[in-house]
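I have placed the structure first, in the form of structure tokens, so that the comments after it can refer back to it.
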Amino acid sequence: MMLPSSVRLVEVGPRDGLQNEAQPITTEAKVELIEALADAGMPVVESGSFVSPKWVPQMADTAEVLARIRRRPGVSYPVLVPNIKGLEAALDAKVEEVAIFAAASESFAQRNTNCSIDESFARFAPVAERARAAGVRVRGYVSCVIACPYEGPVAPAAVADVAARLMELGCYEVSLGDTIGVGTPAQVQAMLAAAEGRVPVGQLAVHFHDTYGQALANILASLERGIAVVDCSVAGLGGCPYAKGATGNVASEDVLYMLDGLGIHTGVDLARLAAAGDRISALLGRPSGSKVARALAGKRH
């Protein structure tokens, strides 16, 4: 079994993880979390989004967060932007990377962004063009790569098509997301086989939710196909507001423990990562969503 010798972890907790939390989280807490994740060795820490505060009030202070974090050399702090207005705010905040998001399902696109897949690409084209003109890298996300909460299974060819269109816009990488966490390894490998027919494997990443407990198995199945970039969320923070019952992203600590066990290099320190997850979980008033973090805490007591 040929696995990559190193994997780049993309930490999405401060954005994808916190955006749906009902209780207000202070700017100080967000800054502390982002800095702790970077200090643990995370090479990419998604730090916020410039979306309308009406829709995502938790991200209303993204500009302030970006102004206050100590940016470590070699660490990327991308933000999500839904449109040109969001991009301009991101450029004002001196970001070096932004993310745009499309869906492989028409129903999800309509419910999530209030437009069709084609309309979403028409919206993103000027965003990607303006970002690249400003020297800002653009990453693409594809939602519902296995199934959609509204229309069921999604064809691998549809995923490959959306991924290829994001590359044509100028994305340097496309992250394929199992938004509702229903995928199994065989489905994931079939989806990746289709995507790899349209996009070089070195420019694909995976983003799994753990709703059915399959996320680690799906990540291993992805590594077997040559994927070497994995999105994850400290303490398993986050879910999807548009997918009823969808639990959080796969926990960064659990992914790192597996990768360490496989001898795959990440440059991330597990103890420091788990400590960052424990702190934000305590602040939220609940146990960490990471099995590894809970096991490590149990050993300490």
| field | Cross-link reach list, lysines versus residue 94, counting only Cα pairs under 26 Å and skipping chain neighbours closer than eight places | value | 30, 54, 85
| Using the Cβ atoms and a cut-off under 11 Å, what net charge is assigned to the surroundings of residue 106, where Lys and Arg are +1 and Asp and Glu are -1? | -2
| said: Based on the alpha carbons, how large is the Rg to Rh ratio for the stretch 252-297 when Rh follows Kirkwood? | reply: 1.00
| said: Can you give the local net charge around residue 187? Use residues other than it whose beta-carbon is closer than 13 angstrom to its beta-carbon, Lys and Arg +1, Asp and Glu -1. | reply: 0
| If you average the sequence gap of Cα pairs under 8 Å that are 6 or more apart and divide by the length of the stretch 8-300, what percent do you get for the contact order? | 18
| query | Placing +1 at every Lys and Arg Cβ and -1 at every Asp and Glu Cβ, with all other atoms neutral, what dipole size does the chain have around its Cα centre, in debye to the nearest 20? | reply | 380
| request: Mind ranking 251-262, 289-300, 56-67 by how tightly packed they are, going by the mean number of other C-beta atoms within 10 angstrom, highest first? | output: 251-262, 56-67, 289-300
| said: Give me 169, 33 sorted ascending by neighbouring Cβ count inside 10 Å, so fewest comes first. | reply: 169, 33
| request: State the percent of C-alpha pairs, over all pairs in the stretch 143-301, separated by a distance greater than 28 angstrom. | output: 22
| task | Sort 266, 27 so the one with the fewest other Cβ atoms within 10 Å of its own Cβ comes first. | result | 27, 266
| request: Based on a Kirkwood Rh over C-alpha pairs, give the Stokes-Einstein translational diffusion coefficient of the chain at 37 °C and viscosity 0.692 mPa s in µm²/s. | output: 174
| field | Beta bridge orientation in the stretch 8-300: antiparallel %, DSSP, nearest 5 | value | 10
| query | Which residue, chosen from 160, 192, 136, occupies the Cα position most advanced towards the positive end of the dipole of the stretch 8-300, where the dipole is computed from +1 (Lys, Arg) and -1 (Asp, Glu) charges on Cβ about the Cα centre? | reply | 136
| field | the stretch 117-267, relative contact order in percent, only Cα pairs under 8 angstrom and at least six apart counted | value | 19
| message | Over the Cα atoms of the stretch 166-215, what radius of gyration and what Dmax do you get, in Å? | response | 11.5, 34
| Enclosed volume per residue, in Å³, of the convex hull spanned by Cα atoms of the stretch 1-108 | 146
| remark: Between residue 141 and residues 5 or more places away or on another chain, the pairs with built amide H atoms under 5 Å apart involve 100, 101, 102, 175
| remark: Quick calc of log₁₀ I(q)/I(0), the stretch 62-124, Debye, one scatterer on every Cα, no solvent, q values 0.16 1/Å, result -0.60
| remark: Lys and Arg at +1, Asp and Glu at -1: neighbours of residue 207 with Cβ under 10 Å from its Cβ sum to -3
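Bear in mind that the values in this text are calculations on the coordinates, not laboratory data. What you see is a predicted model; the values in this text were computed from it and never measured. Note that each Cβ is placed from the backbone with ideal geometry, even for glycine, and that neighbours are counted across all protein chains shown.
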